[in-house]
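Input: a single structure, listed below in structure tokens.
FYI, it's all coordinate maths here, none of it is from the lab. Quantities reported herein were computed from a predicted structural model and do not represent experimental measurements. Glycine also receives a Cβ, built like all others from the backbone with ideal geometry; neighbour counts cover every protein chain displayed.
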2 protein chains.
Amino acid sequence: MKTKSKTPREAGGSATLLEVARTAGVSAATVSRILNGGTRVSASKREAVEAAIAALNFKPNLLAQSLKRGRSMMFGVLTQDVDSPFFAETLLGVEAALSGTGYEPLIASGHWNPKEEADRIRRLLARQVDGMIVLFGRLSNDELQRFSEHVPVVATGHELRAPRALAFRLDSELGGYIATRHLLDLGHRSIAHITGDLAHADAVDRLAGYRRALAEAGVPGDERLVVSGNFKEPGGVMAANRLLDAGVPFTAIFAANDQTAYGARLALYRRGIRVPEDLSLIGFDDLPSSLYTTPPLTTVRQPMFEVGKLAARSLLKLVEGEPADVEIPELSLVIRETTRRLR
Amino acid sequence: MKTKSKTPREAGGSATLLEVARTAGVSAATVSRILNGGTRVSASKREAVEAAIAALNFKPNLLAQSLKRGRSMMFGVLTQDVDSPFFAETLLGVEAALSGTGYEPLIASGHWNPKEEADRIRRLLARQVDGMIVLFGRLSNDELQRFSEHVPVVATGHELRAPRALAFRLDSELGGYIATRHLLDLGHRSIAHITGDLAHADAVDRLAGYRRALAEAGVPGDERLVVSGNFKEPGGVMAANRLLDAGVPFTAIFAANDQTAYGARLALYRRGIRVPEDLSLIGFDDLPSSLYTTPPLTTVRQPMFEVGKLAARSLLKLVEGEPADVEIPELSLVIRETTRRLR
DNA sequence: CTGTTAGCGCCTTCAA
DNA sequence: TTGAAGGCGCTAACAG
């Protein structure tokens, strides 16, 4: 009974490989071999070791293993808001892709703050993650690239091409176009747009897509019908109110994302404006909950689960030194019940 | 120029403490001291070391540090569904409480599957997490307790008291009572209940609270008004449909959680039943999105963000060996617009 | 104040 | 097939 009570780690700390070796009457190397299946080991020793492992309830210390091997089998994942359904879905995709690979995601949030993002990434790197998945955020390409010098990086919502980095963005401009085009096809001509936070490229792109669709249809855009939101519900309600108060008539709203649409929907409800009878509304994202709004929301779907899966798979390849190709997932129009033909 | 190319870890792997020591012309111990601020170090050496650190862009390898110190400064967090808004909020609370403490959450999902849960926890333990936060799930108290022999554990949605474990549950029975009572106070007498998955204690408890409120008010419960859901939206729509088809009249629905209420709301919308004019509806949870449903949902609030924070704080204390007290957060009725006085 | 000496727990040549 | 030895990067006595 060796008194190891001096160890910081409290009692529970399971047995060590060396202890297993001793109780099995073999060397540590042999135990390691059995664990990692290197060279052949005699059946008798193998049995003894396995018995010892069971008896001591031995679990290899992954930390030590990582230190030795130089790979931690962890991927850092930087999200922005853990509480956003948008990120949650992406995370789920990452998790799905990683499950069973031996890699574990180490998650941190940057809260859309470049300084915080960089800080969190540095911490993850210090923990020796074998790769980084950066989900959106406001980091510059330069910074991202600099990180990629330490460890492979795949980033969504960024554009970047470096030896060990990969980034991809869904085509927000096209998405904005698709949404607006849908409204146009339904006969709408006075179409309002509630933008996202214009500090984000995606918000700018969706606005551009909206304008392109209008222009292409020969519909004169009215700048008073473009008001800014912030990708969150409260921004949606405020923007919708501003729109309604401006006195410029319109028959449809394209909201920069579903959350904005939810907010707008509430503002409309407050004023007794029916959707879609009085006004059509289209969102962007297709959050899971958009299937259950009243009425269910028409929107442009971003397959975030797929995006997460794709990011994780690509990182897996990068880490293995394989070339990582990316087939960028496509946006699609999901017609539900908040849009209808005019008149 | 030492060729370390043999190392598995690719080039980027930042400089080692020893290298810093060498380029600064001091011993490794001195560098370590400067980093961790132990004993005093002469200004000259300190400068030299700091210069070397900057020059080599040195970051201590947290893995090695953890191995040596016997603490990984990571907490394992077991959630069930990363994509559920309910868990997302709790996670956010955990994150908030941990931010700035030096601890990092290592997150894994058990998907409400006891085997998977145990498996994930074992992996986290193998990674030497210093503590575990278990968010709900179906693990038995025995299992939980067994894990707590290795490492401090705090669990939400469980009941457990062990030397190094702490668990707490919000009072679901009371919540069910509060919800039903609210409806009763509004004059409703025929109140339907869509339960959660009855394999969960919370679902059973909410049902019990519902029955108690009814009994206390002298309202004869009609078992045909109790139908089962599964805590998810689709279960809500199916249950509502069953209720509507059963032909037993009712004027209000208490849904076991908000997601179930969303589903029920959709079913109602499909049939042209207005909320709250024709039927009152109350949920349970107060998910962030319940503020933006049409109309905004009346519900029983579970302060999940607080729960997450509380769990993390308690674990922090347990790990420090301090006694962890728990003031269990309280449920509260949030009256919005889906319930109204009868007639 | 500072360097030397031992490891943390594991893996991996290198000999035997 | 197996064991001994060395070391991953860092910290913590213990001497000076």
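Figures for the structure shown
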item: Order of A:Val275, B:Val300 - criterion: other Cβ atoms within 10 Å of each residue's Cβ, fewest first; result: A:Val275, B:Val300
item: Under-5 Å amide H pairs with B:Leu333, H placed in peptide plane, nonlocal only; result: B:Arg301
item: Of A:Lys309/B:Lys59; A:Lys317/B:Lys59; A:Lys68/B:Lys68, pairs whose Cα-Cα distance is over 20 Å; result: A:Lys309/B:Lys59; A:Lys317/B:Lys59
item: The stretch B:172-301: relative contact order as a whole-number percent, Cα under 8 Å and 6+ apart; result: 26
item: Amide H partners (placed H, <5 Å) of A:Ala165, local residues excluded; result: A:Val153
item: For A:His150, B:His188, order by how many other beta-carbon atoms lie within 10 Å, fewest first; result: A:His150, B:His188
item: Cα gyration tensor shape of the stretch A:265-313, rounded if a/c is under 1.5, else prolate or oblate by comparing a/b with b/c; result: prolate
item: Part-to-part distance (alpha-carbon centres) for the stretch A:255-330 and the stretch A:62-103, which is given in Å; result: 23
item: Label 7 Å beyond Cα on the Cβ vector: A:Arg271 copy-to-copy distances, nm; result: 3.3
item: Dipole magnitude of the stretch A:200-282, debye to nearest 20 (Cβ charges: Lys/Arg +1, Asp/Glu -1, about Cα centre); result: 180
item: Least to most buried among B:Ile282, B:Ile178 (fewest other Cβ within 10 Å first); result: B:Ile178, B:Ile282
item: Other-copy label distances relative to A:Gly70, 7 angstrom Cα-Cβ extension, nm; result: 3.0
item: Centroid-to-centroid separation of the stretch B:144-223 and the stretch A:106-131 [C-alpha atoms, Å]; result: 38
item: Derived scalar couplings ³J(HN,Hα) [the stretch A:175-186; Karplus, 6.51 cos²θ - 1.76 cosθ + 1.60; whole Hz; x for Gly, Pro]; result: x, x, 5, 4, 4, 5, 4, 4, 5, 4, 4, 7
item: Calculated on alpha-carbon atoms, Rg and Dmax of the stretch B:172-301 in Å; result: 12.8, 35
item: Chain B, helix-only ellipticity at 222 nm - DSSP H runs n ≥ 4, -39,500 (n - 2.57), divided by all residues, nearest 500; result: -13500 deg cm²/dmol
item: Chain B, relative contact order in percent, only Cα pairs under 8 angstrom and at least six apart counted; result: 15
item: Sum of side-chain charges, A:Asp258 neighbourhood, beta-carbon under 9 Å (Lys, Arg +1; Asp, Glu -1); result: -2
item: Residue mean of other protein chain beta carbons inside 10 Å, B:62-71; result: 6
item: Prolate/oblate/rounded label for chain B (Cα gyration tensor, a/c 1.5); result: prolate
item: Label spacing, shortest first and in nm, from B:Asp142 to its equivalents in the remaining copies (7 angstrom along Cα→Cβ); result: 6.1
item: Tilt relative to chain A, helix A:304-320 - C-alpha long axis, 0 to 90 degrees, to 10; result: 40
